[in-house]
2 protein chains.
Amino acid sequence: MSLITVERKILEKNDEIANINREKFRFNGMFTMNLVSSPGSGKTSLIEQTINVLKHKMKIAVIEGDVQTNLDAQRIDALGVPVVQIVTNGSCHLDAMLVRDAYQKLVNIDINLLFIENVGNLVCPAAYDLGEDMKVVIISTTEGDDKPLKYPAIFHNSRVLLINKIDLLPYLKCNIDTIINNAHSINPSLKIFEVSCSTREGIDEWCNYLLSRF
Amino acid sequence: MSLITVERKILEKNDEIANINREKFRFNGMFTMNLVSSPGSGKTSLIEQTINVLKHKMKIAVIEGDVQTNLDAQRIDALGVPVVQIVTNGSCHLDAMLVRDAYQKLVNIDINLLFIENVGNLVCPAAYDLGEDMKVVIISTTEGDDKPLKYPAIFHNSRVLLINKIDLLPYLKCNIDTIINNAHSINPSLKIFEVSCSTREGIDEWCNYLLSRF
């Protein structure tokens, strides 16, 4: 069996289970978002800020994915929101099987909005459907404005781009218009929010967008 | 053939070619560094700053790895240094075969120091020996201080850690002592440099370390 055959079989099996996940999530009345970014772009901080704004308006739960540690799950747990940690033990992305198994621990909880925080990686998470309703890609202004061109798959496959850490723009050479133009050159329909999880700038606009989906 | 068998065979084949690469690099009098970081931590900027300091003292060449684009190779080429771009077309890491083939284009050039800039990813590059003399991991202060705990393999497998973007520390919650303690808890012998590719702070110490190896 060639490597390409093995890879195709893995992705086919993944997509089959992802479709079952998606049916289950929708049947249980959940909207599900798969959050993808580099390490340290602010996925967990964004979820924390979103929970702070929306926790009395909708029922949120989180599945956390990390190569090691449950540090992110501890941060979400501190906010009183149901959370399950997946530790991938070396794998650079979540897959539909890991999410299916993690969701078993949430299945009896009433949830409107499920965040799945992927492993910090802009490459492989783009190829794996987890059963989400949409992928959301996050980049921070500190990463430079060329990232959509260098990692196009995740920008192509996402519905929303959040540009985080805009509070740091005065101290960087990063040009936010270049990020936006580069992202739209890959995916013209990408919905873009500019936010800062430190100053909370833009967080209300993002939360209003989430609310508008319900 | 199981997936684990396939993975083991891929890594075995990779290591075999990596050892041949290493022999060839050493035979040709080169010291070779494999630079690993998240997207946007400053690998290319670090190489640029290093070239600016050392280009009259040693012969430097660069192999650039990216999922897409040759933007990084263009930046190195502008400095008048030999550079070869590898485009992985979706793969999240370089491997020894890609580096072997790229090196063919440099084989007739006199080189003392070869930088191999890996794909921006803290996970999979940790597992792939390219034939380098040492791995160097770079994180930026903007990524937060928990990264060594969350991505331990690359910190375990590297000889040097560069903490970049220290000029941004006044605007961040990041604690640099926590990064250092976390990194040393994974790898007590890790040599650490604190640098800023924007202000050039710490760059001379890093370059003196490189010079001391020759």
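Yes or no: segment A:121-129 includes at least one residue that is of a type in the set (Phe, Trp, Tyr) and over 17 Å from A:Met33 (Cα atoms). No, segment A:121-129 contains no residue that is of a type in the set (Phe, Trp, Tyr) and over 17 Å from A:Met33 (Cα atoms). Among the candidates B:Lys191, B:Lys165, B:Lys173, the residue that is at pLDDT below 95 and out of contact with any Phe, Trp or Tyr (no Cβ under 7 Å at 6 or more places or on another chain) is uniquely B:Lys173. All conditions in (1) in contact with an Asp or Glu (Cβ under 9 Å, 6 or more places away or on another chain); (2) over 25 Å from A:Lys9 (Cβ atoms) hold for A:Gly144, with the sole exception of (1).
Just one of the listed residues (A:Gln104, A:Gln85) is within 12 Å of chain B (Cβ to nearest Cβ) and on the phi < 0 side of the Ramachandran plot, namely A:Gln85. Given the condition part of a helix (DSSP H, G or I), of a type in the set (Lys, Arg) and buried (at least 17 other Cβ atoms within 10 Å of the Cβ), answer yes or no: does some residue in segment A:88-106 qualify? No - not one qualifying residue is present in segment A:88-106.
The values are calculated or read from the model by the stated rules, or taken from the named source; none is laboratory data. Predicted model, so just to flag it, every value in this text is computed and none were measured. FYI the Cβ positions are ideal-geometry reconstructions off the backbone, even for glycines, and counts take in every protein chain you see.
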